Amino acid sequence: MGFKHLINSKKTLSLFAAFVLFGTNLMAQTPAQGDAATVDKGAMWTGIAYYVLLFLVASVCVAIVGKILRVYDLTQKMQGKKGINWNGVMGICCAIFIVAGMYGSYWSLTVQGAMKLPEPASAHGGSIDDMFTTTTILTLIVFVITQICLFGFAFVYRGSDKRKAHFLPHNNTIEKVWTIIPAIVLTILVVFGFFTWQRVMTSTEVKGDINIDVTGHQFAWEIRYPGTDGKLGSTNFRLYTAANKLGVDFKDRNSFDDLSADTLVLPVNKSIRINIHAQDVIHSVYMPHFRVQLNAVPGLPTFFKFVPTITTAKMKMITGNANFEYLLYCNKICGSGHWNMQKVVRVVSQAEYQDWIAKQKPYLSDQLRKELHFADSKPANQVSASNRLAVNN
Ligand SMILES: [Cu+2]
């Protein structure tokens, strides 16, 4: 009866597995269209049959081994002998698990750990990397010790009739040790992180910074540079229009000479202040090579200051990749187009930067002038009175 029941549950499981596999296979086939889909249908069914068969074989194997062990166990007991020592089986499973698990961790550390970021390209990048390395080494030591103790103890002290377990309800010394040591280590890490962050955010002087506005929206980044005055005009979300995508407030005269750019071009060894904004959902400014990342939150402007130290041209040589470009990514899954939300960042010499900035278009486009009823003939310092949008607010 038990065997019958096993067969029945096996049938149900196989049917379920076939459905799951059929579903996933169909999903995998979705991008293929037209003729390709018909041609691939044969291969699809072969794939399904293969996995169904594999599942059935695995189920039968597990069922057979289980039954054999059960029969063996029962016959041993019937003969008055001891059955299978399940405590021993569990202990050995723990030993196998710790050996296989440690090898898996080692593999992951060497294979995936090797995919780490290249040399930091900003002044503070080294400190971030030091912090990262320290945390990794400390957690690695704790991981190895605790896991070996956990599974090692389960193996060495597995249940046995020859031993009696010692009942230890409470021990203040042990409690103190495992509370105080992690508390000290975590405090050191937090303080280390706190001072690193302080250094990163205050190392560059506010005066002389190049202030650049980076605004995220679904799904692109908008970049605004200050004009010759070095100051960005203020913004107001109520002023958004098709032509005034960033809601720049033209009551603020600093905004008249602001420039809009397609690429984030930065002069090397100059302190850069990126002012971060978002217009719809939370995005995240992420420039891995500069070890820069900060969330862009709607209604909560923030900033990140850093000094790029390696030009794009030099990084091309370092990486041996002639097509290398620094990139500004979005690091928050902000919607369907998130994957493509990136901008090229180019680090150049001061002279190249001057040349480039001179060629950038003013944010105050002709369309925007029309929209705001700016008279073209008037000099910039007289136009604020005719800024209708601004007056309305
Ligand atoms: Cu985004």
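Against the condition more than 16 Å from PHE155 (Cβ to Cβ), among the hydrophobic types (A, V, I, L, M, F, W, C) and either over 43 Å from the mean Cα position of the chain (by Cα) or in a helix (DSSP H, G or I) (or both), how does VAL57 come out, does it pass? Considered against the rule, which asks whether it is more than 16 Å from PHE155 (Cβ to Cβ), among the hydrophobic types (A, V, I, L, M, F, W, C) and either over 43 Å from the mean Cα position of the chain (by Cα) or in a helix (DSSP H, G or I) (or both), VAL57 comes out as yes.
Among the residues of the range 216-236, write down those that are more than 16 Å from the ligand (Cβ to nearest atom) and either over 29 Å from the mean Cα position of the chain (by Cα) or assigned to a loop (DSSP other than H, G, I, E, B) (or both).
Passing the criteria: PRO226, GLY227, THR228, ASP229, GLY230, LYS231, LEU232, GLY233, SER234, THR235, ASN236.
Can you pull out every residue in the range 308-329 that is part of a loop (DSSP other than H, G, I, E, B) and either surrounded by fewer than 18 Cβ atoms within 10 Å (Cβ to Cβ) or not hydrophobic (A, V, I, L, M, F, W, C) (or both)? Scanning the range 308-329 gives THR309, THR311, GLY320, ASN321, ALA322, ASN323, PHE324, GLU325. Here the range 244-271 is the region considered, the condition is being modelled with pLDDT under 90 and part of a strand (DSSP E or B), and the residue that is farthest from the ligand (Cβ to nearest atom) is LEU259. Is it the case that some residue within the range 227-236 is closer than 27 Å to THR309 by Cα and hydroxyl-bearing (Ser, Thr, Tyr)? Yes, that holds for at least one residue.
Determine which member of the set LEU364, LEU368 is of a type in the set (A, V, I, L, M, F, W, C) and part of a loop (DSSP other than H, G, I, E, B). Reasoning before the result, please.
Details: LEU368 fails: part of a loop (DSSP other than H, G, I, E, B).
After ruling out the rest, the residue left standing is LEU364.
Selection over the range 305-356 of residues that are under 23 Å from the mean Cα position of the chain (by Cα), without any contact (Cβ under 8 Å) to a residue 40 or more places away in the chain and away from the ligand (no atom under 16 Å from the Cβ) gives a count of 2. Run ILE223 past the list (1) at pLDDT 80 or above; (2) among the hydrophobic types (A, V, I, L, M, F, W, C); (3) touching a Phe, Trp or Tyr at 6+ places or on another chain (Cβ under 9 Å) and report the number of the one that doesn't hold. Tallying (1) at pLDDT 80 or above; (2) among the hydrophobic types (A, V, I, L, M, F, W, C); (3) touching a Phe, Trp or Tyr at 6+ places or on another chain (Cβ under 9 Å), ILE223 fails exactly one: (3).
The values are calculated or read from the model by the stated rules, or taken from the named source; none is laboratory data. Bear in mind that the values here come from a model prediction, so they are computed numbers and not experimental data. FYI the Cβ positions are ideal-geometry reconstructions off the backbone, even for glycines, and counts take in every protein chain you see.
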